[in-house]
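First up is the structure itself, then whatever we jot down about it.
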Amino acid sequence: MKRFWKDVTVEAEAEGWTVKIDDRMVKTPARMSLVVPTKALAQAIGEEWSGIDDNIDPRAMPLTGLANAAIDRVDQDRRLFADSLARYAQADLACYRAEGPRGLIERQEQEWDKLLGWARRRYDVDFVTTSGLMHVRQPAATIDQLGHAVASLDPFRLAGLSPLVTIGGSLIAGLAVLEKVIKAEEAWEAVIIEERWQLEHWGSDAEAEAALENRRRDFMAAARFLELLD
């Protein structure tokens with residue numbers, strides 16, 4: 001799809017803020033009006049549309065994509081979407097530690113223990129940690145409390161939280177970014193400890209580095225999306 005508009009504007013609507021191209025409201029893929037809850041988010045989405053030179057590339061418009069997801073997918077069945085994210089509490093990355101070497105174990109302890117400590121205090125829950133990949137059952141109260149925390153979120157925050165959780169493999173890290181107790185960059189470094197260790201000790205691989213950078217880009221875009229909701 002090629003650019004066919006000249007001007008991009010942001011305007012207030014009864015239910016929030018919208019982006020218009022040549023006085024036509026931007027629509028989602030499902031043909032819903034793209035109305036977002038904050039002016040800051042609408043302006044950032046408008047900048048994505050203004051930045052298109054010729055052809056539309058969805059990969060260069062992550063905020064638009066997340067807003068589309070909030071409206072077309074999450075809002076249509078918020079509970080089902082929330083449940084899919086809450087399931088990550090059953091096997092959070094921060095609960096599964098390496099069996100070795102010692103340097104990697106220490107890195108994980110340093111970063112992941114801080115995240116679990118925050119979650120224990122914030123949600124009054126506990127966690128079972130293990131070494132290796134063998135699944136361990138988390139306390140039922142932990143699953144319930146974290147599920148409730150996710151279910152209480154609105155569609156836009158659920159849409160922004162989703163990439164943080166699915167890319168990083170940690171619901172705890174995602175919630176910590178959402179609640180601004182950790183910066184997005186810190187959270188990213190925490191969830192890729194093992195991958196970074198492998199690259200440092202076994203040598204850099206161009207393909208692996210590129211894949212990691214693509215994941216980082218999507219992770220940071222989701223974090224920015226959440227910031228723009230406040």
### Task
Take Gln145, project a point 7 Å from its Cα along the Cβ direction, then tell me which residues of the stretch 111-127 have their backbone nitrogen under 14 Å from it.
116-127
### Task
Return the distance in nm (one decimal) between the two label points of a simple spin-label model at Asp23 and Arg216, each offset 7 Å from Cα along Cα→Cβ.
4.5
### Message
Taking a virtual spin label 7 Å from the Cα of Lys180 along the C-beta vector, which residues in the stretch 31-72 bring their backbone nitrogen under 12 Å of it?
### Response
none
### Task
Compute the relative contact order of the chain as a whole-number percentage, counting only Cα pairs closer than 8 Å that sit 6 or more residues apart in sequence.
20
### Query
Between the helical axis of 155-168 and the dominant principal axis of the chain, each derived from Cα atoms, what acute angle in degrees is found, rounded to the nearest 10?
40
### Query
Measuring from centroid to centroid over Cα atoms, what is the spacing of the stretch 1-52 and the stretch 140-201 in Å?
28
### Query
What angle do you read, to the nearest 10 degrees and between 0 and 90, between the alpha-carbon axis of helix 102-123 and the longest principal axis of the chain?
60
### Query
By how many degrees, between 0 and 90 and to the nearest 10, does the Cα long axis of helix 193-202 differ from the longest principal axis of the chain?
70
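Excluding Glu13 itself, calculate the net charge of residues whose Cβ lies under 15 Å from the Cβ of Glu13, where each Lys or Arg counts +1 and each Asp or Glu counts -1.
Its environment carries a net charge of +1.
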### Query
How far apart, in nm, are the 7 Å Cα→Cβ label points at Phe4 and Gln110?
5.5
### Task
Binning at 5 Å from 0, report for the stretch 8-74 what percent of all alpha-carbon pair distances ends up in each bin.
4, 20, 30, 30, 13, 3, 0
### Query
About its Cα centre, what dipole magnitude does the chain give when the only charges are +1 on Lys and Arg Cβ and -1 on Asp and Glu Cβ, stated in debye to the nearest 20?
440
### Summary
Most fluctuating of Gly203, Gly168, Gly46 in the GNM of the chain (C-alpha, under 10 Å) is Gly203
### Query
Dividing the convex hull volume of the Cα atoms of the stretch 148-230 by its residue count, what figure in Å³ per residue is obtained?
81
## Note on the structure
Which of Gly100, Gly169, Gly65 fluctuates most in a GNM of the chain (C-alpha springs under 10 Å)? That residue is Gly100
### Task
Determine the gain in length on full extension of the stretch Arg59-Glu200; use 0.36 nm per residue of separation and subtract their C-alpha separation, reporting nm with one decimal.
47.9 nm
### Query
Counting pairs of Cα atoms in the chain, how many percent are more than 22 Å apart?
56
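Taken together, the values in this text are just the output of simple stated rules run on the coordinates, not laboratory data. All values reported here derive from a predicted model rather than from experimental measurement. Don't worry about glycine lacking a Cβ; one is built from the backbone with ideal geometry, like all the others, and counts go over all protein chains shown.
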